[in-house]
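Asks: I'd like to ask you about the structure that follows.
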Amino acid sequence: MAASPAAAPASVGRLAKSALVLAGVLVLVLVAFGGYLTLRILTKKNDVENVSPSSYLLSTFQKLDFTDSHGGQHEGWLLYGLRGAPVVILCPGYDSNRSELLWLGTVLQQNHFNVYLFNYTGPKAKESFSNLGIREASDTLAAIQEVTKQVGVNPHRVGLYGVTTGAYAALAAAEQDKRVSALVMDAPYERPSQMFLAELDQLLGSPGPVFRFLTLAEFHLFTLGAKAPPVVQNLSRLRGRPEFFIAPDDIAQLADATEALYKKAPEPKRLLVVDHLTGTLVSDPEKKEYESQVLNFFLQHLPLRAD
């Protein structure tokens, strides 16, 4: 028996209602999964320190902690070089800590620079999540303020080195503090959202545009109230201060972001494209070449003489 004319619209209505419910459930699942990934990206941190200055048999160092603008405590090591020499501050990157840059710090110390390595996170830091460079920029300024008060450190000239979130923070800090005389940035970016999307792609490969849009919206919601420093607008403040940009060829988003910043930056500047992000350097020749490039830049642009 054929369905009555009245039954057909009712069946269509039920199908439409079911489709809407299914679509709503799918959106809720995507939102929940996106929120989970966003929280994971913003709270991921590596507090495991496998090496310390003692591991390198260094005797001329001291523990030097500092307090950030929110009252949080940050652990640091000050490696002493030539008395009165400038200090090079090493800013760790995303999911990293001070111990992972100690290999570079020892090379700089051996060449008579004072070197300061510190952590953005830790047991006494009050913030439990990262906004991918915004808070870290404020912490970097606090680190500069603390280390330049130390006896034996030149208070007028500072070198900054940073990777990913540390590079963004170093750039923002250099634009605000004229004592920064030379700046090395490995995989910096213009906006924290670029780092967020790069990390999202590392986790998922290439998520579709709808999911990227959803998670990016959740990132902005999680970081609401954190005002990003206008690093691009402030680039002109670096005029006359040498900048060294390092672009990692293995992470396309960060390589593109680094090269875009380089093109907008004032002279003097230099760009180096490397095969891998610093944290993934595995071979000794790669590390030797990398440390040689960074060391030579600071030797050329951050003289050891006392002012």
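Asks: By how many nm would the segment from S236 to S128 lengthen if fully extended, with 0.36 nm per residue of separation less the alpha-carbon distance? Present the calculation step by step, with values, prior to reporting the outcome.
Replies: Working: separation 108, 0.36 × 108 = 38.88 nm, distance 3.31 nm.
So the extension gain works out to 35.6 nm.
Asks: What ranking do S54, S138 get, fewest neighbouring Cβ atoms within 10 angstrom at the top?
Replies: S54, S138
Asks: Let me ask something additional. Would you mind computing, in nm to one decimal, how far apart the modelled labels at F211 and L271 are, each placed 7 Å from Cα along Cα→Cβ?
Replies: Each label point is offset 7 Å from its Cα along the Cβ direction, giving 3.2 nm.
Asks: Could you give the nm distance between label points at T60 and K263, where each point is 7 Å from its Cα heading toward the beta carbon?
Replies: 4.4 nm
Asks: Right, another one. Within the chain, how many Lys pairs sit with Cα atoms under 18 Å apart, leaving out pairs fewer than 8 places apart on the same chain? Show your work: numbers first, answer last.
Replies: Details: K44/K124; K44/K126; K45/K124; K45/K126; K63/K124; K63/K149; K149/K178; K178/K269.
Taking the chain as the scope, the lysine pair count is 8.
Asks: Could you calculate the contour length gain from Q73 to K44, that is, 0.36 nm times the residue separation minus the distance between their Cα atoms, to one decimal place in nm?
Replies: Working: separation 29, 0.36 × 29 = 10.44 nm, distance 1.88 nm.
In short, 8.6 nm is gained.
Asks: Only helices at least 24 Å long along their own axis, judged from Cα atoms, and with Kyte-Doolittle mean hydropathy of -1.0 or greater: name those in the chain from DSSP H.
Replies: Answer set is 7-43.
Asks: For a quick protection proxy, order the peptides 102-115, 259-272, 197-210, 162-175 by their average other-Cβ count within 10 Å, most packed first. Numbers along the way, then the final one.
Replies: Working: 102-115: 21.2, 259-272: 15.9, 197-210: 14.3, 162-175: 28.8.
Order by mean packing, descending: 162-175, 102-115, 259-272, 197-210.
Asks: Moving on to the next point. Which FRET efficiency value, to the nearest 0.05, do you get for R191 and Q145 by plugging their Cβ-Cβ distance into 1/(1 + (r/R0)^6) with R0 = 22 Å?
Replies: Working from the Cβ atoms, E equals 0.25.
Asks: Give the order of S193, S181 when sorted by the count of other beta carbons within 10 angstrom, beginning with the fewest.
Replies: Arranged by neighbour count, lowest to highest, S193, S181 become S193, S181.
Asks: Then there is this: Identify, among P92, N234, T121, the residue whose Cα sits farthest towards the positive end of the charge dipole of the range 37-301, taking +1 on the Cβ of Lys and Arg and -1 on the Cβ of Asp and Glu, with the dipole about the Cα centre.
Replies: Selected residue: N234.
Asks: Something else now. Can you find, among T38, A137, L295, the residue sitting farthest towards the positive end of the charge dipole of the chain, where Lys and Arg contribute +1 and Asp and Glu -1 at Cβ?
Replies: Projecting each Cα onto the dipole axis, the largest value belongs to A137.
Asks: Can I ask one more? Roughly how many debye, to the nearest 20, is the charge dipole of the chain about its Cα centre, given +1 on each Lys and Arg Cβ, -1 on each Asp and Glu Cβ, and no other charges?
Replies: The dipole magnitude comes to about 780 debye.
Every number in this text was worked out from the coordinates using simple rules, so none of it is lab data. The shown structure was predicted, so the numbers you read here are calculated from the model rather than taken from an experiment. All Cβ positions, glycine included, derive from the backbone under ideal geometry; neighbour counts span all protein chains shown.
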